[in-house]
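The values are calculated or read from the model by the stated rules, or taken from the named source; none is laboratory data. Bear in mind that the values here come from a model prediction, so they are computed numbers and not experimental data. With ideal geometry, Cβ positions are generated from the backbone for all residues, glycine too; neighbour counts draw on all protein chains shown. Remember, those area values only see protein heavy atoms, side chains included, never the ligands or the DNA or RNA. Shrake-Rupley method; radii C 1.70, N 1.55, O 1.52, S 1.80 Å.
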Amino acid sequence: MSAAGADSPGAGADPSAVLRVSVAGKTYRPKGLEPVEAVRDLAFSVRAGEIVCLIGPSGAGKTTTLRILLGLDTDFTGAVAGAEQAGIVFQEPRLLPWRSVEHNVRLGLPRGKRRRDLDALFERLSLTPWRSRFPGALSLGMQRRVALARALAGSPRVLVLDEPFVSLDDAAAAELRALVVDTVDAAGMSVLMVTHNVGEAIQIADRLLLVSRRPATLVADIALGRPRPARDRAWADATRTSLAGRHPEVIAD
Ligand code: ADP
Ligand code: MG
């Protein structure tokens, strides 16, 4: 059976899904080099209000999958739906260095909405004092916050994050993570986050999608069950050990 069967058969048609992706295949064909098969039979959906973490080895095809589902790469076989409702935070903050923080955030909005009131958003992300500063004056953690603000400015239904807390120290990552969770919960937004950090995923996700090494294929779709506020250290450790036992190829102990 194809790996697409690992997702429930009806998932592609789930009416409560805000984002749906079904990639039969994606192969890069760089000129003069061997083709690279990046994704094969990878299908899943993200439902309203749900936080979903996609976990897989480095080089598996995770960023490729995000680019496809966002409509940034159309050279694949399969189908996607919901991209127009997504706000995106890439691994690199991708800010324009010659524009202020405020301007960078507003550039995430469609032209007609650039003047909208963003006071509450800047305040929530503790960016108010930095609005007129330039990205070069900011730490990586603050730059990530600006990238997050830019993604949130248009009030998307789903926030898509590609390894957003990488290279931050533990405290800065934890702070930003809590900020993301509080913000999306308050807004009833969904999240699809790619992460390497299994502990982080277990803390914040409602559901985990595990993908194989390249070509990325769905290995498991796991609902974590326990409500987020009730997740203590012992539960997280036990969950991780059990996952590592069942999927050692994706999750190291
Ligand atoms: P991940 O995000 O899981 O680390 P990527 O989706 O970035 O992985 O990449 C998957 C594979 O596709 C890697 O082997 C990468 O080198 C290759 N790849 C990514 N982008 C391109 C490209 N534009 N041309 C050729 N190969 C690419
Ligand atoms: Mg990547």
**Charge dipole (debye, nearest 20) of region 56-180; +1 at Cβ of Lys and Arg, -1 at Cβ of Asp and Glu** = 580 debye
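Of the beta bridges DSSP finds with both residues in the chain, what % are antiparallel, to the nearest 5?
On the way: 20 of 39 bridges.
Around 50 percent of the beta bridges assigned by DSSP in the chain are antiparallel ones.
Roughly what % of Cα-Cα distances in region 126-253 sit above 21 Å, to the whole percent? Don't skip to the end; give the middle numbers.
Values: 3818 of 8128 pairs.
Distances greater than 21 Å cover 47 percent of the Cα pairs.
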**Asked** How high is the relative contact order of the chain, in percent, counting Cα pairs under 8 Å that sit 6 or more residues apart?
**Response** 27 percent
**Prompt:** Taking amide H positions as placed 1.01 Å from N in the peptide plane, with prolines and chain starts having none, which residues 5 or more places from residue 27, or on another chain, fall under 5 Å of its amide H?
**Reply:** 38
**Prompt:** Add -39500 (n - 2.57) for each DSSP H run of 4 or more in the chain, then divide by its residues: what number comes out at 222 nm, to the nearest 500 deg cm²/dmol?
**Reply:** -8500 deg cm²/dmol
**Prompt:** If 27, 65 are ordered by their accessible area, calculated over protein heavy atoms with a 1.4 Å probe, which sequence runs from highest to lowest?
**Reply:** 27, 65
**Request:** Would you grab the residues whose amide H sits under 5 Å from the one on residue 219? Only those 5+ places off in sequence or on another chain, please, with H modelled 1.01 Å from N.
**Result:** 210, 211, 212
**Complete:** Residue span residue 37 to residue 79: 0.36 nm per residue of separation minus Cα-Cα distance leaves a gain in nm of 13.4 nm
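How do the peptides 216-226, 199-209 rank, highest first, by the average count of neighbouring beta carbon atoms within 10 Å per residue?
Values: 216-226: 18.2, 199-209: 20.1.
Peptide ranking by packing, descending: 199-209, 216-226.
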**Prompt:** Given the options 181, 158, 146, which has the most mean-square fluctuation in a GNM of the chain, springs set between C-alpha atoms less than 10 angstrom apart?
**Reply:** 181
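With every protein chain left in place, what is the accessible area per residue of region 117-248 in square angstrom, probe 1.4 Å?
On the way: 5750 Å² over 132 residues.
In whole numbers, region 117-248 has 44 Å² accessible per residue.
Over the chain, what percent of the accessible surface lies on carbon and sulfur atoms, probe 1.4 Å? Mind showing how you got there, number by number?
Values: 6340 of 12170 Å².
It is 52 percent, rounded to a whole number.
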**Request:** With springs connecting C-alpha atoms under 10 Å apart, model the chain as a Gaussian network and identify which of 72, 127, 152 has the largest mean-square fluctuation.
**Result:** 72
**Distance (nanometres) between label positions extended 7 Å along Cα→Cβ at residue 242 and residue 175** = 3.4 nm
**Asked** At what distance in angstrom do the alpha carbon centres of region 14-65 and region 120-164 lie from each other?
**Response** 26 Å
